[in-house]
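We did not get these values from a lab; they are worked out from the coordinates using the rules stated. These numbers come from a predicted model, not from an experiment. All Cβ positions, even for glycine, are placed from backbone atoms using ideal geometry, and neighbour counts span all protein chains on display.
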Amino acid sequence: MAHAAILGALTDDLITHITASNPRRDARHVKHLKDSALRTFRTQQHVRVNQFEVDARFEGLLDKFYVLNNQPLADALKPRLHELATIPNKWRPELLALLLALSDRPVEKTDINRALEIVPDHPPEQQLTWAEIIADDPLDEEGIWNDVENESDYSEHRAPSLSDESVGEPTTSTHASSLYEEDAATFARAFILPRDSEILDQVTDLRHRMAGLHSGSGLTELQVTRQVLSMLQGVPTDLFEIGRSGQIRPRYSCRILNIAPSTTDRVLRDFASLGSQVTFVRKFAASDRLSVVLQSFQAAIQDVLHRLGKTLSSIEQDLLRPENSTLVSLLKVQVEIDLVAGPLVRLTKLIPDNTLKHNSQALEVLNNLFEQACNLQLIGEDNESVSVASLLLKCLEPYLRPVKLWMTEGKLIASNELFFVRCDDESSERGSIWHSRFTLLKNHDGSIFAPQFMQSIAEKIFKAGKSVMLLEALGHKPDVSLCSAQSLDIAQTIQSVENTLLPFSEVFKLALNRFADALEGSETHTLRQVLTSQCGLRATIKAINHLYFGVNGACFQTFAYGIFQRMDRGIGWDDRFLLTELAQTAFEPIDAVESDHITVRVKPRNDQQYASARPGRSDTLGRIFVDYSITWVLQNIMSNATLSACQRAFTFLLRLYRAQFILNQQEWTLNIMVKHSKIATVKELIALRHQLSWFAVTLRGYVCEMLSIVSKQLTLDLDAASDVDGMIAAFDKFSDNINSKLLLQENMAPIRSSILAVFDLYEDLALEWRHTVKQISNDASHPTPRELVVQRGPSNRRSKPETDDTVDVSDDEDEVGIGHHEHRSVLSVQSLLKEYKRQSSFLLAGLRSVSRIEGEPAWIMLSERLQWGVAGLDRR
């Protein structure tokens, strides 16, 4: 509503001003113009000002002030912009844009001293008045004055001081003036005159007139010099004052005798600016800092302040000696002070922002010191660069102490928040020492919480400390005496900066690398040798190859066929104790495999790893998991992703053995089918079996070959690894190669689903094969002994209730075996052949397509081998 009223008032004034020149227009026409203008204003959609552009323009304006040597104006504008940003106001960009549009050469036309004087003071706090007191507690109550004693405020309970000027004229009472009382202080106060503020002001004005300090007065250079020296020492002076923003400025517009007024103003402004910087640095040096780096920085600043104080005292002493006939020159004093105050002015730019935390301020100081040392060397200021480099190394020395403790002893200081290594859980398992017990503290942008010049060696420092921790857990104590004496040699580094043509950044980084290499020692290489030779790494890799990859085909087939036989028998096949015993017995002859470390478990149906390619089919083989226990030491370099990839390869290989198991079961009835091969159904069934046999043999050869290549590549990568991280990277690459070679990646899901659909055809083939053999045996007039066995059915199988495989049973009920399919629906051979051709065509096209994209030649070879079987089926 307020905006609408303001808009209406402005519109009335605008219409009235425009139509004033045409008196012939009536009030009706004027009202029509006003309504039209208001309607246009209200429906107009204006584009908001870009707040980021406004902020960028102000940042550029601040930089301009600094470049044009108008630091007081920049220092006055910057905090006000920060204060304005904290006030919530949606029109802030528009207001700032308006101020920018109205600005006219602010560097030349702005007088910062006068601008700060017109800033109104904060309104005084409202004080309690007698009217409010009387309103709450009236003075006309009965008996209110009964307990009041008519004596002085200074009774025997309070012994006043004669210097207490806050008390006004005491009330002379009988008790206070009595000669019988011994209260001498109260008696003496009766003879003290009260303070007169007018007389005090007169004394102050008299002192100013005697010193010649008033607006427009002419001063000598000696007077100004004494005021300047006192101001730089931090003593209050009459010529300079401290403004509300903390900046020092001349209090009077004085002139120096025999010097131009413009020169006087310029010199006084320069001294005031220097005094502001010295005061800012002095306040920082006197503040309390928790970080040891900031404390070292404060100590260095205090040294510079001490040298400045000695210089100021020396100058003042030369001017006050009566035997010296010294020529007083303010410009000479300015030159002498600048020689000492130059480093102090540079330190002003290095002081961190107070809004940051102490650890962030310490990192900012180190980064600023490093950048300034590099910049000073680039512009040819070698002496100043060496001085700043020396200060950097002094501040860096306490920062490197926890680094040395971590790299040599693997210990962290709990109270140190500046170091970039953190311990997440000290009570975690030993198998997580390398992976998750320690972490690197990082910033929001992803960089490590460390100075910029240490980003390149932070990972090396992190690895060295973890290597020491892991070696200590293995019982290998590092020799601390060899590394304890290592430090960053300050003198050598500074000498390198002075005597080399290399930039300071390169010299400093080389020194840091030498420091880290000396502390790292041989722990990293020792740990790799211990893991390789003493912790059974090679034996564990061999055990994984036998257990998950079937390197020993006989043992793997014994284990797999034992599972399949139990599955075909049906109830109770998934007992984990019996399956574990079966695996331990099968792999016991292999020396590299410790059979008591093997555990086999079967997950419930609702927690299966792969879904079946066809609806209504449960992926039973995908729920069988083989676990092999490895030592906690190897758990630090073998992640769960590695064992998960090995398990998926085991499942893939188990499906291939299942397909071969089904085909082998059909061999004892193959003669019956061959005798009746003239029957169309039998002929198609034999052709389908041939194609599926070709598919299983080809795919199994491909899987075994790829697993062999991947295992050899793992051995080569482990031999080439220089440290633990290299060994971890080798195992990660090993996992990726397994998933890639065996088509187990997420982007290979359609191809993998097609392969699983072909695996389902083996179960359908078993049903159709058994059904056809049984029909042929029943129709035979003179059955053979083998046909009689087929007619009677397997005698070793127990009769089981009819089950539908599409119906899910509860987890606590026994599962019906896969091989017992007498009660499942039998598909036609033509539909099975059609499904095989469809899946084969899709599989071949998918392999060729991904091979062209990924550039994997093994997939093209696999597609060509599978194509041979499909071509043979087409010729039939």
- Task: Note the full-extension length gain between Thr129 and Arg321 as 0.36 nm times their separation in residues minus their Cα-Cα distance, in nm to one decimal.
- Result: 63.4 nm
- Note on the structure: Where a ≥ b ≥ c are root eigenvalues of the Cα gyration tensor, a/c under 1.5 meaning rounded, otherwise prolate if a/b exceeds b/c and oblate otherwise, the range 247-322 counts as oblate
- Candidate lysines for bridging to Lys90, where Cα separation is under 21 Å - those fewer than 8 sequence places away on the same chain excluded: Lys78
- Task: For an R0 of 45 angstrom, estimate the FRET efficiency from the Cβ-Cβ distance between Thr220 and Leu102 and round to the nearest 0.05.
- Result: 0.55
- Note on the structure: Taking a ≥ b ≥ c as the square roots of the eigenvalues of the Cα gyration tensor, with a/c under 1.5 meaning rounded and otherwise prolate when a/b exceeds b/c and oblate if not, the range 314-401 is prolate
- Item | GluC sites (Glu not before Pro) lying in DSSP loop within the range 309-393, provided at most 13 other Cβ fall within 10 Å | Glu323
- Task: Quote to one decimal, in nm, the extra length available between Leu339 and Glu241 on full extension: 0.36 nm per residue of separation minus the C-alpha distance between them.
- Result: 32.8 nm
- Expected unfolding gain across Asp591-Gln452 under the 0.36 nm per residue rule, minus the alpha-carbon gap, is 44.8 nm
- Query: Suppose R0 equals 51 Å; then what is the FRET efficiency for Ala27 and Arg57 from their Cβ-Cβ distance, rounded to the nearest 0.05?
  - Reply: 0.65
- Beyond 23 Å (Cα-Cα) in this structure, taken from Lys357/Lys460; Lys357/Lys466; Lys712/Lys741; Lys283/Lys404; Lys463/Lys509; Lys460/Lys712, we find Lys357/Lys460; Lys357/Lys466; Lys283/Lys404; Lys460/Lys712
- In this structure, the FRET efficiency calculated for Lys834 and Asn747 from their beta-carbon separation, with R0 = 41 Å, to the nearest 0.05, is 0.90
- Write out the chymotrypsin sites (Phe, Trp or Tyr not before Pro) in the range 60-98 meeting two conditions: DSSP loop, and at most 12 other Cβ atoms within 10 Å of their Cβ. Trp91
